[in-house]
Every structure is written in structure tokens, then in C-alpha cells.
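One structure below.
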Amino acid sequence: MIRMNKRLLGFALSLALIFGLIPFTAASAATTQNVTLNLDGKKVAFTGAQPQLIGGKIFVPYAALAAQLKATVKTDAASKKTTISLNGKSIVFTPGTVNATINGKAVKLEGAPVSKDKSVLVPVRSIGDAFGIWVSWSGSKKTVDLNRTKTVKHALGETKLNGVPQRVVILFNGMVDTSVLLGVKPVGAVESYLQQPFYEYLRPSLIGVKDLGDETQPNLEGIAALKPDLIIASKMRHEKINDQLSKIAPTVHTEDVFSWQANLKFAADVLNKQPLADAYLANWNKRVADFKKKMGSKVSQTEVSVIRTNPNGTARFYVEGFAPNILLDLGFKFPKTQTDLTQDIMNVATKEQTPLLDADYIFDFTVDWDGDGAVYKLQKEWIDNPLWKNLKAVKNKKYYKVNAVNWNLSGGPLAAQKMLDDLYFYFNLE
Amino acid sequence: MSRKHRLLCAVVLAIAFAGLASGCASSSGSAKESGVSAIPTSEPASKGEDLYEAIAPQPSTDAADGLTKMNGFVKAYKQAIEEDDTSAAQQAAQDLAGTWKAIEEEAAKLDGQRAETVRGDLFLLLEQSGEVKNKDQLVDISYSLYQMIRDLKEKAEGSLPHEETVPEAEDSEIYP
């Protein structure tokens with residue numbers, strides 16, 4: 001009887017699964033769902049076709065929205081091309097195709113405009129891109145918010161922006177990497193610490209971008225000459241020049257230069273690139289989970305040490321910063337001897353203190369700042385000192401010299417991906 | 001045939017090929033003209049270069065496919081060196097070189113400088129993997145190679161971000 005009940009239960013569960021899945025699948029195939037649209041915080045009432053989710057993208061009846069924006073609409077009867085114009089900006093699209101033009105530039109819309117209930121619906125994000133309107137989506141409220149102005153809360157207060165910035169100046173390296181990921185080409189950016197003007201892996205995306213000098217002392221005249229509509233700086237580096245920057249253009253600050261995930265979310269919000277950041281972070285989290293799964297319980301039992309040799313001959317270990325934060329996210333830990341001594345970084349002055357650098361794995365991102373190789377001679381002095389060979393990582397052949405750009409200097413999401421790649425390499429993971 | 005014998009044969013073949021190549025160089029043009037990364041012809045060929053020349057190309061669908069395979073081989077190489085498995089390291093080095101040979105021309109078009117570095121690193125791996133004298137150096141080379149392969153793969157797959165245009169500056173009343 002019990003056996004029969006189990007079979008019945010199994011059968012019932014199978015039926016429940018089958019019938020439960022069918023509507024879900026059918027719904028997924030042709031998902032359309034009406035959504036609420038707010039413009040500058042006020043709900044917009046649409047007659048006829050409503051704003052709606054189609055295949056996961058938000059579409060709006062363009063004519064009704066254009067009227068709300070007080071934009072001009074023209075449709076060419078022969079080509080069926082529609083142009084919406086506002087304040088010198090425009091979008092040109094044709095129903096049924098993703099090929100469009102935004103402000104004179106050929107683009108692919110995230111979905112082809114469709115005809116529905118005597119209206120043509122276009123992806124709302126394209127309207128936002130064309131006219132510098134922030135578009136944000138609340139899945140829980142099924143509401144899309146369009147905002148023509150934005151007050152950005154940042155590390156040094158609040159700054160009001162009148163439209164999505166188009167001429168952006170970037171004052172720290174991690175944000176330069178972030179801007180490339182988000183597809184926002186700045187008009188000017190500080191130069192990289194090595195491989196000037198910009199790190200080689202970013203250079204193809206930064207052709208024509210004005211080099212604004214060092215991150216710690218950016219060229220203020222150069223910034224002003226670019227007539228930016230936004231400066232992205234970091235309190236950690238630029239608090240003292242904030243008054244000067246704010247006189248040139250609206251300026252926003254991140255708290256620091258190395259909290260790359262927070263900085264990515266911040267930039268995506270300010271620059272209206274939320275979906276790209278969300279997609280990146282979803283993929284990142286997937287990779288982190290994969291790494292942890294492949295490492296198994298070993299990861300939480302593995303101590304890592306992140307070090308470098310300084311140009312003055314001292315060594316340094318880090319328990320805070322770009323690489324340490326990623327290693328912590330992955331589940332590694334730092335030696336107690338290090339965390340007991342400092343919250344962030346610590347210089348190790350003498351060779352007698354060599355054991356402070358030890359862990360199961362040592363990653364060394366010594367940088368040849370001057371390009372003369374002198375720092376590598378100093379690094380060799382550390383490696384040749386008698387206490388070095390006693391380090392656990394050295395004995396076990398787990399001392400690695402890593403790419404300083406990816407592990408320390410760049411500090412953005414694209415560099416983070418490369419660092420994670422390196423960890424797959426070093427831990428022999430597929 | 002044992003690995004040692006195969007390696008010996010490879011060296012003999014390499015020497016033979018090197019002799020043929022030097023005989024042809026003056027009449028058939030330089031490496032640059034053939035689109036392959038240039039290795040100065042005036043310098044004597046290294047042992048690694050000879051070994052490289054003797055290896056048969058291992059075909060791939062395209063550069064991206066070949067680079068994906070190489071990504072796996074270079075990881076296997078690094079692991080073998082760390083585990084003192086010379087035989088596996090030699091095999092991985094040969095797989096790397098064979099796969100590279102089949103895609104080198106295509107890869108050089110993507111990034112000539114990186115392609116040249118890959119070739120040079122492969123010479124070193126082939127030369128030193130048979131008799132490992134400096135494990136640390138080989139791990140460092142494999143790391144360099146790993147990064148080059150990754151960068152080339154990104155280019156082959158076109159996954160690098162594209163250039164964006166920037167609008168003209170507008171005068172602002174608030175921020176002149």
C-alpha cells in the first residue's frame with residue numbers, strides 16, 4: 001500500500017510538473033505584460049496600446065510617449081521610417097527591424113518596433129538613449145521610470161544632472177575600465193599607471209580620448225577645455241580638488257578607487273547603463289560560484305598573500321584593495337599574522353620580517369614603475385634572502401609573479417575578469 | 001616508440017628541415033613576406049626553434065577554436081611542470097606548438113606583436129621542457145603565454161568592446 005502510495009505520489013508529482021510547466025513555457029514563449037510607466041515620477045495614462053513587456057524588454061507606444069515629451073514625430077509613408085526629434089536629438093526607426101539611427105549613428109535596437117492595437121511600440125530604452133533620459137525598471141512593481149533629471153547621491157554629497165551625460169571625464173583608472181565595459185567612451189580620462197596613455201587591453205576602445213595626466217594630479221585645464229557634462233572622480237583621490245572640479249562640470253565621487261563592484265553599479269546608474277552592469281554582475285556571480293564549486297572546501301582552508309616589492313626596497317602586503325577583495329569574495333582568507341597587524345596594507349621594512357609575507361599561496365604584483373628594472377633587483381634581494389626559502393608557499397612552489405595591471409593597477413570589472421581567469425590558471429581549474 | 005625516441009627523431013627532422021630552409025631562404029623571400037611572424041634569419045636557430053619547426057600542425061576550425069584548445073594545453077603544461085611530470089609537460093608543449101602552427105598566420109593578422117611573443121614563448125617551452133632546470137621560469141613563461149592566448153582569443157572572438165563616438169561639446173550656461 002505504501003509502495004502504491006509512493007507510485008501515486010510520483011505520478012501526481014509528474015502531472016503537476018508537466019501541467020505546471022506547460023503554461024509557464026507557453027507564457028515564456030510569448031510574454032506580453034502591461035506595465036506602468038512613470039515620467040519624472042508621475043504616472044502616464046495611455047489610451048489604446050499600453051507600455052508592455054515583450055520578450056523581457058519594455059516597449060512603449062512611441063506616439064503617446066513623444067507627445068508627453070513634447071517631441072516632434074514625422075513618418076515617411078513610402079519608407080515607413082519614423083523620426084522622433086527633440087532638442088536637436090533624434091531617433092529614426094522602421095517597424096519590423098532592429099536597425100535604427102540614434103543621433104545620426106546607426107544602432108541596433110534591443111527589439112524591433114511592433115504594431116499593436118493601432119499603435120507602434122518601440123523599446124523604451126532606445127527612446128532613453130536618444131534623448132538622454134534615464135530608464136530604470138522595477139520588476140517587483142512592474143514599473144518603468146523615465147527621468148529627465150537625476151540627483152546623484154555620491155561620496156561628497158548630491159549632484160543634479162539635467163540629462164544622461166554625453167561628454168564624460170573620468171579621473172581614476174578603475175572607472176576607465178568600467179566605462180569601456182559600459183560602452184561609454186569618455187571625452188577625457190586620466191592615463192594608466194603603466195602602458196600610457198591607456199592600458200593595452202582598453203586602448204582599442206579609447207582611441208581619440210584625451211589623456212588627462214596622472215590619476216593623483218589630473219590636468220584641470222585639460223578637463224575644462226573638453227567642456228564635459230560630467231566628471232567622475234573618487235573622494236579617495238580628488239576630495240581636495242572637488243571645488244575646482246565642480247566649477248568645471250557636475251562632479252560625482254565614488255568612495256574609493258578599488259571597490260569595483262560598487263563603482264560599477266554607481267557608474268551604470270549615473271550613465272543609464274543598468275542592463276549592461278546587471279548582465280556583467282550576473283555573469284561574474286556565476287563565475288565566482290563556478291570557481292568556488294570547483295575549488296570545493298579547499299578554498300576556505302587556503303590562505304593567500306598579496307604582496308609587492310616597493311621601489312624603496314621594502315615589501316608590502318595587502319589585505320584590502322582590488323585583488324584582496326576579489327580573493328575574499330572567492331572564499332580565500334588572509335593569514336592571521338597579516339590581519340592582526342592591519343586593516344588594509346602594510347609595508348614590511350626588513351628582511352627579518354619576511355615570514356609576514358607567507359601564506360599557502362603568494363601572489364606578487366611588483367611593478368616596474370620606472371621601466372628600468374631596478375625594482376626587480378630589489379625583488380630579487382627579497383627572494384634571495386635566507387628566510388625566503390623557508391616560506392610555506394615558496395617551499396610548495398606556490399609563489400607566483402602576477403600581472404600588475406590586472407591584479408592591482410587597473411581596478412575595474414574587465415581587469416577583474418582577467419584576474420579571475422588567472423586564478424583558474426593558478427589553481428589548475430578548467 | 002618512446003617519447004625520448006620521438007623527441008630524438010623530431011630533433012633530427014628539425015635539423016634536416018633547418019638545412020632545407022636555409023637553402024631556400026635566399027630564393028623564396030623572407031618570413032615577413034609570407035605573413036608569418038618574423039624571426040631574424042641572420043641569427044642561428046635555437047634548439048626550441050628547431051623543435052618547433054619539426055612539429056606537425058594540429059588543425060583547428062579557426063583561430064578562436066585553436067586558441068581555446070591552447071588555453072587548455074597551457075594550463076596542462078603549467079600543472080605538469082609543477083608536478084615534475086616532464087613527459088606530460090613535453091606533450092603539452094608539443095600540443096601547444098602544433099595547434100599554434102595551424103593558426104599562427106590568422107593570429108598574426110589579429111595581433112602581430114602578440115603572435116610573435118607566443119612563438120618565442122613556445123620556443124622556450126619546447127627547448128626547456130625536456131630537461132627542466134628552472135621550474136619557476138617555466139611557470140612564469142606559461143603564465144605569459146596564457147595571457148597572450150587569452151588576449152588573442154578575445155580578439156578572435158571579437159569580444160572586445162567597440163569604439164564609441166562622442167558628441168560635440170555644447171556651451172553650458174552653468175558650467176562655462
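The values are calculated or read from the model by the stated rules, or taken from the named source; none is laboratory data. Please read these numbers as outputs of a predicted model, since none were measured by experiment. No Cβ is skipped: glycine too gets one built from the backbone with ideal geometry, and neighbour counts run over all protein chains shown. What goes into the accessible areas is simple: the full protein's heavy atoms, side chains included, and nothing from ligands, DNA or RNA. Shrake-Rupley method; radii C 1.70, N 1.55, O 1.52, S 1.80 Å.
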Does A:Leu86 satisfy the criteria of being out of contact with any Ser or Thr (no Cβ under 6 Å at 6 or more places or on another chain) and open to solvent by 10 Å² or more (accessible area, probe 1.4 Å)?
-> yes
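Quick check, is A:Thr342 under 21 Å from B:Asp140 (Cβ atoms) and assigned to a loop (DSSP other than H, G, I, E, B)? Let's see the steps before the verdict.
On the way: under 21 Å from B:Asp140 (Cβ atoms): no; assigned to a loop (DSSP other than H, G, I, E, B): yes.
Taking the combined requirement at face value, the residue does not satisfy it.
I'd like the full set of residues that are part of a strand (DSSP E or B) and not basic (Lys, Arg), limited to region A:313-339. Spell out the reasoning first.
Taking region A:313-339 first, the residues part of a strand (DSSP E or B) are A:315-318, A:333.
The answer is A:Ala315, A:Phe317, A:Tyr318.
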Within region A:146-193, how many residues turn out to be touching a helix residue (DSSP H, G or I) at 6+ places or on another chain (Cβ under 9 Å) and among the basic types (Lys, Arg)?
-> 3
Touching a residue at least 24 places away in the same chain (Cβ under 8 Å), under 20 Å from A:Lys273 (Cβ atoms), more than 14 Å from chain B (Cβ to nearest Cβ) and hydroxyl-bearing (Ser, Thr, Tyr) - does that describe any residue in region A:116-126?
-> yes
With the condition kept exactly as written, say whether any residue in region B:106-122 is buried (at least 18 other Cβ atoms within 10 Å of the Cβ), in contact with a Gly (Cβ under 6 Å, 6 or more places away or on another chain) and more than 14 Å from chain A (Cβ to nearest Cβ).
-> no
Outside any helix (DSSP H, G or I), open to solvent by less than 50 Å² (accessible area, probe 1.4 Å) and aromatic (Phe, Trp, Tyr), is that true of A:Phe363?
-> yes
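Out of A:Ile207, A:Ile223, A:Ile231, report the one residue that is open to solvent by less than 10 Å² (accessible area, probe 1.4 Å), without any contact (Cβ under 8 Å) to a residue 60 or more places away in the chain and either outside any loop (DSSP other than H, G, I, E, B) or within 14 Å of chain B (Cβ to nearest Cβ) (or both).
The conditions single out A:Ile223.
Just checking, which of B:Asp121, B:Asp140, B:Asp111, B:Asp151 is within 10 Å of the chain's Cα centre (by Cα), at pLDDT 90 or above and of a type in the set (D, E, K, R)? I'd like the intermediate steps shown before the answer.
Values: B:Asp140 fails: within 10 Å of the chain's Cα centre (by Cα); B:Asp111 fails: within 10 Å of the chain's Cα centre (by Cα); B:Asp151 fails: within 10 Å of the chain's Cα centre (by Cα).
Criteria check complete, one pass: B:Asp121.
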Restricting to region B:154-168, what's the tally of residues that are of a type outside the set (D, E, K, R) and at pLDDT 85 or above?
-> 1
Checked A:Ala63, A:Ala45, A:Ala16 against criteria (at pLDDT below 50 and either of a type in the set (Gly, Ala, Ser) or within 30 Å of A:Gly88 (Cα to Cα) (or both)); the one match is A:Ala16
Out of (1) among the acidic types (Asp, Glu); (2) at negative phi; (3) modelled with pLDDT under 95, the odd one out for B:Asp95 is which?
-> (3)
From the residues in region A:251-279 that are polar (S, T, N, Q) and out of contact with any His (no Cβ under 9 Å at 6 or more places or on another chain), which one is most open to solvent (accessible area, probe 1.4 Å)?
-> A:Gln274
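Collect the residues in region B:121-137 that are of a type outside the set (Phe, Trp, Tyr), assigned to a helix (DSSP H, G or I) and in contact (Cβ under 8 Å) with a residue 60 or more places away in the chain, keeping them in residue-number order. Lay out the reasoning, then the answer.
Filtering region B:121-137 down to residues of a type outside the set (Phe, Trp, Tyr) leaves B:121-122, B:124-137.
Cutting the leftovers down to assigned to a helix (DSSP H, G or I) gives us B:121-122, B:124-129, B:135-137.
Within region B:121-137, B:Leu122, B:Leu124, B:Leu125, B:Leu126, B:Glu127, B:Gln128 qualify.
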Condition check for A:Gly163: within 14 Å of chain B (Cβ to nearest Cβ), of a type outside the set (S, T, N, Q), in contact (Cβ under 8 Å) with a residue 12 or more places away in the chain and open to solvent by less than 30 Å² (accessible area, probe 1.4 Å) = yes
Do we have A:Lys80 as of a type outside the set (A, V, I, L, M), over 32 Å from the mean Cα position of the chain (by Cα) and part of a loop (DSSP other than H, G, I, E, B) here?
-> yes
Return yes or no: is A:Ala112 crowded, with 16+ Cβ neighbours inside 10 Å and not assigned by TED's automatic domain parsing to the domain that holds A:Asn263?
-> yes
Tabulated pairs, region A:284-299, first acidic (Asp, Glu), second open to solvent by less than 30 Å² (accessible area, probe 1.4 Å), C-beta under 7 angstrom, 6+ apart or interchain = none
Would it be correct to say that A:Lys397 is facing another protein chain (nearest Cβ under 10 Å), modelled with pLDDT under 95 and surrounded by fewer than 21 Cβ atoms within 10 Å (Cβ to Cβ)?
-> yes
When you look at A:Lys240, is it farther than 30 Å from A:Tyr400 by Cα and surrounded by fewer than 16 Cβ atoms within 10 Å (Cβ to Cβ), yes or no?
-> yes
